[in-house]
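The structure under discussion appears below in the form of structure tokens.
We did not get these values from a lab; they are worked out from the coordinates using the rules stated. Every value quoted in this text rests on a predicted model; they were computed, and no experiment measured them. All Cβ positions, glycine included, derive from the backbone under ideal geometry; neighbour counts span all protein chains shown.
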2 protein chains.
Amino acid sequence: MVNVLDVAERANVSSATVSRVLSGSTLVRAETRAKVVAAAEALGYEPNSFARNLRKGRGSSIALVTGDIEHGIYPRLAKHLQRELELINLNLVLFNLGHRQERLRHMLQHATSMGLRGLFLASADIADMASLKPLVDRAAGKGIAILSVSQRLEGFGIDSIVHDDLAGAGMAVEHLLARGRRAIAYLGRISGSEVGRERSLGHEQALLRAGLPIDPVLVWDVREGFRSEAGYRMTSAALDRGLHVDAIVAASDELASGAIAALLDHGLSVPGDVAVTGFGGISWGNYLRPALSTIDLDVAALAERARLWLEAHEAGEAHPALVMIRPSLIVRSST
Amino acid sequence: MVNVLDVAERANVSSATVSRVLSGSTLVRAETRAKVVAAAEALGYEPNSFARNLRKGRGSSIALVTGDIEHGIYPRLAKHLQRELELINLNLVLFNLGHRQERLRHMLQHATSMGLRGLFLASADIADMASLKPLVDRAAGKGIAILSVSQRLEGFGIDSIVHDDLAGAGMAVEHLLARGRRAIAYLGRISGSEVGRERSLGHEQALLRAGLPIDPVLVWDVREGFRSEAGYRMTSAALDRGLHVDAIVAASDELASGAIAALLDHGLSVPGDVAVTGFGGISWGNYLRPALSTIDLDVAALAERARLWLEAHEAGEAHPALVMIRPSLIVRSST
DNA sequence: TTGTAAGCGTTATCAG
DNA sequence: CTGATAACGCTTACAA
């Protein structure tokens, strides 16, 4: 393994000079710089990141902490975040909780020891924030940059960059109202949990704005998460109970796909009998039949803001505690 | 930041002893060990991974190199790999190529410098392997563990753990033949590329086994990758040309969803007029209507084998150059 | 503009 | 079974 000393020797300079050249310092004579660069080149020198990080006292990776990286917009989020971090020479390390709360504790506890520079929280089910707070503070105190990129956690002192779920759900409901729908169900509440609360609230508030009552039987809980299966099950159950619905606002595209399947299986037509909207803007939504109208989440924008936040944080600059990314409605044939 | 010396001081031992205790060495008196553990506990000691890695000369993360982490089975793969690596205290860092070949070169070149312990290649479009080979060898020579987890690359001296695509495609074709289909198209060849070649071959061989001819017009190229849009486009184009087909074997679930959409849009029924199979076993496939019959890939098994491979590799034990994971057919209503 | 030298926190070697 | 000590490769005061 060739190191700075080898390069220094070959270039007839000191290791300090080599280091200066390689870290792009300007305080080096052009001529010297050239010599060093040539020597490094010739020897195939590659800096050792551990030594550098050890010396500098900080690492070069950010952990993306997800509940379930497999579903919803998380794969897209991971992709965009990685791309953004790469711009500032940081790595994205993946940490999937699999919905085990204690693993988050573990993560928070060992963030410094793992040499992480920051933590992007993208787990949808951070429930017990109160008990987590001390750990978060401890990590933050040690210089770990902590940002929530899925839930609004600014109330707990954690900066948050999130999609404007409230507005998104509102847009869906308003679109359905404009289409003449009145019995607009909400699919995807997780009762007793903050998860998806904003979306559920968006549905509620939009109905109230329109002067419509909130019918509790039209708010459907999912316990198994935002996946197709839950959508299918809850929609089926509602239909079996003979509920009257003419539209469903689903909290995710996957839930929506399950809902549509259930409706079709019950002999109903979409959107003829029941219109359905999704949430997320997943790519295959356009190839469901009927094609899924959905609230498209601008994940690329979110990822960029996350990078900007990180840069500001590292520079010690001020940054807003909450950024909301505005989603947009995509109208397709399911509504 | 509390370090080994602090712990040593508090426990009245040397840093060496602390290190021994913390790395679980048995050559320490139980009593001494207890003192050290207590001191570490009391001080809230956390080992510094950079120092450790620097000293040990190797890191603790594996990079997952994908072409596009957003689609297909890659999110699932990432999830399972992370879980497996966690078992052996390794991190998974994400590196998404976005289908830019030169970024792979870069990755290979800087793997050591980034302190990576290994590289899992999961990019479907590693085309120019010949030119990449020297870089791979160089990295391998430096002790980087390199494993392909999507393409068969054992011919290039790269150990590979892959799904048995040949068998999978064969199972799909045989299933369709058993259902009486004869004009079985293959959707998803990328002409002039090794990508998906095994699947395409599986289709071909299964037809030949059944004594059926290969009709070139029934092999559909996709240039835009294995996504829904391409499936829709190619299927539409074929139908517009008036081609007779009674079944489509798609190289991915996303392609299949596009194909089904195109068929329905052309007024055809699935599976009445045309049966369709997917590839992957994506979770929402069961909620398409008709529900998608597919070749289910056992990603969890693949991930486990990958971990086992890594352990063997590190232990210097022998390990097979090629492991094939057997997929299974899931029959739903699209066939 | 460049060199010297002192660490960063850990582990491995060698004595004891 | 334990301690002293020398690295690992890099950056950064401080000197020159």
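When only Cα pairs under 8 Å and 6 or more residues apart are kept, what is the percent relative contact order across region A:165-296? Reported relative contact order: 25 percent.
Taking each residue of B:61-70 in turn, how many C-beta atoms of other protein chains fall within 10 Å of its C-beta, and what is the average?
3
Can you bin chain A into rounded, prolate or oblate? Criterion: square roots of the alpha carbon gyration tensor eigenvalues sorted a ≥ b ≥ c, rounded for a/c under 1.5, prolate for a/b above b/c, oblate for the rest. In terms of gyration-tensor shape, prolate. Between 0 and 90 degrees, the angle of helix A:129-141 with respect to the longest Cα principal axis of chain A falls at about 20 degrees.
When peptides B:167-176, B:7-16, B:208-217 are ranked by their average number of other Cβ atoms within 10 Å per residue, the highest-first order is B:167-176, B:7-16, B:208-217.
For A:HIS266, the distances from its label point to the matching points in the remaining copies are 3.4 nm, ordered from shortest, with each point set 7 Å beyond Cα toward Cβ.
Counting from the shortest, the label point at A:GLY57, 7 Å from Cα toward Cβ, is 3.0 nm from the same position in each remaining copy. The relative contact order of chain A comes to 15 percent, based on Cα pairs under 8 Å that sit 6 or more residues apart. Each residue of region A:243-253 was assigned a 3J(HN,Hα) from its phi angle through the Karplus expression (A = 6.51, B = -1.76, C = 1.60, θ = phi - 60°), giving 4, 8, 9, 10, 7, 10, 9, 9, 7, 7, 5 Hz with x at Gly and Pro. Measuring from a point 7 Å out along Cα→Cβ, what nm distances, shortest first, does B:GLU317 have to its partners in the other copies? Here the equivalent label points are 5.2 nm apart from this one. Pairs with C-alpha atoms separated by more than 29 Å, drawn from the list A:LYS56/B:LYS142; A:LYS79/B:LYS133; B:LYS35/B:LYS79; A:LYS142/B:LYS35; A:LYS133/B:LYS35; A:LYS56/B:LYS79, are B:LYS35/B:LYS79; A:LYS133/B:LYS35; A:LYS56/B:LYS79. Taking a Cβ cut-off of under 14 Å around A:LEU218, the surrounding Lys, Arg, Asp and Glu residues balance to a net charge of 0, with basic ones at +1 and acidic ones at -1. Phi-derived couplings, Karplus 6.51 cos²θ - 1.76 cosθ + 1.60 at θ = phi - 60°, listed residue by residue for region A:317-323: 7, 6, 8, x, 6, 9, 10 Hz, with x used for Gly and Pro. Across peptide B:138-148, the mean count of Cβ atoms from other chains lying within 10 Å of each residue's own Cβ comes to 0. Listed by Cβ neighbour count within 10 Å, with the fewest neighbours leading, A:ASP298, A:ASP253, A:ASP68 appear as A:ASP298, A:ASP68, A:ASP253. Classified by the C-alpha gyration tensor, the protein assembly as shown has an oblate form. Its axis ratio a/c, with a ≥ b ≥ c, is 1.5 or above, and a/b does not exceed b/c. Amide H contacts for A:ALA247 (H built 1.01 Å from N in the peptide plane; partners 5 or more residues away or on another chain; cut-off under 5 Å): A:ALA183, A:ALA185, A:ALA275.
Rounded is the label for region B:165-296, because a/c, from the alpha-carbon gyration tensor with a ≥ b ≥ c as root eigenvalues, stays below 1.5.
Efficiency by 1/(1 + (r/R0)^6): what FRET value for A:ASP240 and A:ASP128, r their Cβ-Cβ distance, R0 = 35 Å, to the nearest 0.05?
With R0 = 35 Å, the Cβ-Cβ based efficiency is 0.55.
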